[in-house]
Amino acid sequence: MDLEQQSQIDKGSFVESHQMEYLTPQEMRDAEARAGSYGLGPSELMENAGAAVARVVEERYARTGGGNVLVLCGLGNNGGDGLVAARLLGSGWRVRVLLLGPAADLKTSEAARSWARLGAPVESAEVRDRQTLLGRREWFAWADIILDAILGTGVKGDVREPMASAVRLMNDSGSSKVAIDVPSGLDPLTGAAGSTTVRADLTITLHRAKVGMRGKAEYTGEVLAVPIGI
């Protein structure tokens, strides 16, 4: 897989946590809106974000013949970023996707398009409730790496089912845990952690870290900011 051809991202501009700059969720939304004025719309940003995540996973967790990756996707654009990463990783890794809700309820056309583009060899399933999720419990044990693409910067309050059970299964697994943008359950503005919050080993945050992540290493793990073309 040649991820250099999938994105406008400059590989050399990843930012480690000790150099981190922070934005509020509103500042991030404003930056995304400005990007649209020079032709970088939501679809391009999602592709860039997913490509950046896939490349970090490949670099950090590379092994001969790839590995097993489970991607947990919510119904918003954070889930869409995870779907792009899953599609790109699928050419060299064994990838499974759990969509935490019905595909018909995906909140944006960009996320819906990313779901439709998955295809083989990625194995995917829609999870509509906690019982259905628990029926896929073995997928968590199967995974070497679990990507958290459940909730993005719009999170408010406690995580609801079936997402809450997915977070608990992820936290209880022996897999390497990677959050996309913000660990699900962590308020990206205040830093408040809900009763169910992802505890990541690595957070790949998009463009800039979010202010609520400051001083929250117990949830974020290592933080790596990746450019997405903004």
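The values are calculated or read from the model by the stated rules, or taken from the named source; none is laboratory data. None of these values were measured; they are calculated from a predicted model. Using ideal geometry, Cβ is built from the backbone for each residue, glycine included, and neighbour counts are taken over all protein chains shown. Ligands, DNA and RNA are stripped out before the accessible areas are found, and what is left, the full protein with its side chains, is counted by its heavy atoms. Shrake-Rupley method; radii C 1.70, N 1.55, O 1.52, S 1.80 Å.
Residues to consider are ARG136, ARG130, ARG113; find the one that is under 17 Å from the mean Cα position of the chain (by Cα), charged (D, E, K, R) and either at pLDDT 95 or above or over 16 Å from ALA85 (Cα atoms) (or both).
Going through ARG136, ARG130, ARG113 in turn, the sole match is ARG113.
Being closer than 29 Å to GLN26 by Cα and at pLDDT below 95 is true for just one of VAL159, VAL71, VAL167, VAL84. Which residue is that?
On inspection, the qualifying residue turns out to be VAL159.
Can you tell me which condition GLU47 does not meet? The list is (1) at pLDDT below 95; (2) closer than 25 Å to ALA112 by Cβ; (3) of a type outside the set (Lys, Arg); (4) open to solvent by 10 Å² or more (accessible area, probe 1.4 Å), and all the others hold.
Looking at each condition in turn, GLU47 falls short on (1).
Which ones in region 122-158 are in a loop (DSSP other than H, G, I, E, B), open to solvent by less than 50 Å² (accessible area, probe 1.4 Å) and closer than 19 Å to SER184 by Cα?
Of everything in region 122-158, those that are in a loop (DSSP other than H, G, I, E, B), open to solvent by less than 50 Å² (accessible area, probe 1.4 Å) and closer than 19 Å to SER184 by Cα turn out to be VAL127, ALA143, ILE150, LEU151, GLY152, THR153, VAL155.
When you scan region 175-222, how many residues do you find that are open to solvent by less than 30 Å² (accessible area, probe 1.4 Å), aliphatic (A, V, I, L, M) and touching an Asp or Glu at 6+ places or on another chain (Cβ under 8 Å)?
Here the count works out to 9.
Please work out which residue is surrounded by the fewest Cβ atoms within 10 Å (Cβ to Cβ), limiting yourself to region 75-116 and to residues that are among the acidic types (Asp, Glu) and out of contact with any strand residue (DSSP E or B) (no Cβ under 6 Å at 6 or more places or on another chain). Give the steps one after another, and end with the answer.
Kept after step one, since they are among the acidic types (Asp, Glu), are these residues of region 75-116: 81, 105, 110.
Add one more test, that the residue is out of contact with any strand residue (DSSP E or B) (no Cβ under 6 Å at 6 or more places or on another chain), and what stays is 105, 110.
Numbers: ASP105: 11, GLU110: 22.
Residue satisfying both the conditions and the ranking: ASP105.
Among the residues of region 131-187, which ones are within 23 Å of VAL223 (Cβ to Cβ) and of a type in the set (Gly, Ala, Ser)?
If the condition is that a residue be within 23 Å of VAL223 (Cβ to Cβ) and of a type in the set (Gly, Ala, Ser), then ALA143, ALA149, GLY152, GLY154, ALA166, SER173, GLY174, SER175, SER176, ALA179, SER184, GLY185 are the ones that fit.
Given (1) surrounded by fewer than 16 Cβ atoms within 10 Å (Cβ to Cβ); (2) at negative phi; (3) not hydrophobic (A, V, I, L, M, F, W, C), identify the lone condition not met by GLY119.
Of everything listed in (1) surrounded by fewer than 16 Cβ atoms within 10 Å (Cβ to Cβ); (2) at negative phi; (3) not hydrophobic (A, V, I, L, M, F, W, C), GLY119 misses just condition (2).
Scan region 84-93 and tell me whether some residue there is of a type in the set (Ser, Thr, Tyr), touching an Asp or Glu at 6+ places or on another chain (Cβ under 8 Å), in a loop (DSSP other than H, G, I, E, B) and within 24 Å of VAL226 (Cβ to Cβ).
The answer is no, given that none of the residues of region 84-93 is of a type in the set (Ser, Thr, Tyr), touching an Asp or Glu at 6+ places or on another chain (Cβ under 8 Å), in a loop (DSSP other than H, G, I, E, B) and within 24 Å of VAL226 (Cβ to Cβ).
Pairs, please: C-beta under 6 Å, at least 6 apart or cross-chain, first residue more than 15 Å from GLU123 (Cβ to Cβ) and in region 67-78, second part of a strand (DSSP E or B)?
Short answer, once both residue conditions are applied: ASN78/ALA149.
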